[in-house]
Amino acid sequence: MVPERMNKASKIFLAGHRGLVGSAIWREFERQGFNNLIGRTRKELNLLDTVAVRDFYAQEKPEYVIDAAAKVGGILANNSQPAAFLYENLQIQNNLIHGACEFGVKKLLFLGSSCIYPKHAPQPMKEEYLLTGPLEPTNEWYAVAKIAGIKMCQAFRRQHGCDFISAMPTNMYGPNDNYDLQTSHVLPALIRKFHEAKINQAPSMVCWGTGSPMREFLYSDDCARACIYLLEHYSEEQFINVGSNTEVSIRELSEVVQHVVGYEGKIIWDTSKPDGSPRKLMDSSRLFALGWKPTVDLATGIKLAYEDFLKRSSSAAAR
Ligand code: GFB
């Protein structure tokens, strides 16, 4: 299938345009001069509602669709809300993917997650390791939904000739992140916890687990560039990994965040909290071979993310 080239006036629906990755894609589209973007808030369009999504497609007829809408969360949220993570994600992606086929969308990009891979997959994880072993139990519900999304895109491509592709980003962070300690991922959680410990002059601050798990992190703006690149240059059935190819232990990560925030107390590890996957490094060589590379290293990205956190907390305080 020859990729259909987007142009700056192409009508693009970005589902999830206010989330971490969605908002980064929106900024990057604007930066590149795309001028016909459509976003809908949850209030304006409930993506769980099949009829509402169908009506939206019938009315707006977008040419391109990016599914960056999902119920997402860190290890605790995933572990404690299995039904919501499975049901809501299946429902959102089914509505978006089925509707895109029905209303002749030229191309759709579905975003998944590195948690689709088996818990003990060889590292770094290549695309072909999908479904070769049991999943990590703390996020298997989310992972099963994301695997179904990949399969939906592949099935619609095979049966209906739809140009639907999937990308699997690694753990992401950046501006617009979720800083709620019950539902956030590790990086925004550490930024907030170290910041609050510094302000309160707390002698210690608590991190979860043992600190030994390894994670790969990607700055959201880099992921956004990859997504637009793939929309323009990639049209294959096989999904594609989007990673930075650098990993750190959670312990090392906490030390970097502690340094950036400038907290001088002690870190205590709460081992009653789960570690999750021991290691999640993706092999992104297929994407690298297409010409994309990440540009923001972890230390720089964490500084930028902390600036974003400070900006948000000062504007929240001013309200
Ligand atoms: O980012 P995170 O919540 O999710 O946690 P996963 C990564 C690691 O950081 C785990 C540790 O080992 C946590 O125990 N950690 C330490 C903390 N302190 C904290 C803290 O204060 N908050 C949090 N949240 N973690 C998610 C999946 O897995 O990754 C999702 O649950 C998704 O499905 C996402 O795939 C990308 O990396 O373990």
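The values are calculated or read from the model by the stated rules, or taken from the named source; none is laboratory data. Keep in mind it's a predicted model, so treat the numbers as computed, not measured. Virtual Cβ from ideal backbone geometry, glycine too; neighbours counted across all protein chains shown. Surface accessibility is based on the protein's heavy atoms, side chains included, excluding ligands, DNA and RNA. Shrake-Rupley method; radii C 1.70, N 1.55, O 1.52, S 1.80 Å.
Data table
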{"item": "Within region 1-112, helices (runs of 4 or more DSSP H) holding 2 or more residues that are touching a Ser or Thr at 6+ places or on another chain (Cβ under 7 Å)", "result": "20-31, 75-80"}
{"item": "Residue under evaluation G149, criteria (1) within 14 Å of the ligand (Cβ to nearest atom); (2) closer than 19 Å to I268 by Cβ; (3) assigned to a helix (DSSP H, G or I), criterion not met", "result": "(2)"}
{"item": "Within region 198-224, considering residues that are within 12 Å of the ligand (Cβ to nearest atom) and out of contact with any Pro (no Cβ under 8 Å at 6 or more places or on another chain), the one nearest to E264 (Cα to Cα)", "result": "M205"}
{"item": "Close pairs from region 183-198: first over 26 Å from A84 (Cα atoms) and free of Cβ contacts under 8 Å to residues at least 60 places away in the same chain, partner more than 6 Å from the ligand (Cβ to nearest atom) and open to solvent by less than 40 Å² (accessible area, probe 1.4 Å), Cβ under 6 Å, at least 6 apart", "result": "K193/M205"}
{"item": "Filter result for L131 (away from the ligand (no atom under 16 Å from the Cβ), open to solvent by 20 Å² or more (accessible area, probe 1.4 Å) and either touching a Phe, Trp or Tyr at 6+ places or on another chain (Cβ under 8 Å) or without any contact (Cβ under 8 Å) to a residue 40 or more places away in the chain (or both))", "result": "yes"}
{"item": "Residue check for I240: more than 21 Å from the chain's Cα centre (by Cα) and more than 15 Å from the ligand (Cβ to nearest atom)", "result": "no"}
{"item": "Qualifying residues in region 161-183 (those that are in contact with a Lys or Arg (Cβ under 8 Å, 6 or more places away or on another chain), within 14 Å of the ligand (Cβ to nearest atom) and open to solvent by 10 Å² or more (accessible area, probe 1.4 Å)) - the one farthest from H233 (Cα to Cα)", "result": "L181"}
{"item": "Residue list for region 288-317, filter: under 17 Å from M214 (Cα atoms) and either open to solvent by 50 Å² or more (accessible area, probe 1.4 Å) or over 18 Å from the mean Cα position of the chain (by Cα) (or both)", "result": "D297, A299"}
{"item": "Residues of region 152-172 that turn out to be hydrophobic (A, V, I, L, M, F, W, C) and in a helix (DSSP H, G or I), as a count", "result": "4"}
{"item": "Options L108, L190; residue that is buried (at least 23 other Cβ atoms within 10 Å of the Cβ) and within 30 Å of E255 (Cβ to Cβ)", "result": "L190"}
{"item": "Residue satisfying all of: in region 257-282; touching a strand residue (DSSP E or B) at 6+ places or on another chain (Cβ under 8 Å) and aliphatic (A, V, I, L, M); most open to solvent (accessible area, probe 1.4 Å) among these", "result": "I268"}
{"item": "One residue from S285, S254, S235 being surrounded by 15 or more Cβ atoms within 10 Å (Cβ to Cβ), under 30 Å from R27 (Cβ atoms) and more than 12 Å from the ligand (Cβ to nearest atom)", "result": "S235"}
{"item": "Residue check, Y142 in a loop (DSSP other than H, G, I, E, B) and among the aromatic types (F, W, Y)", "result": "no"}
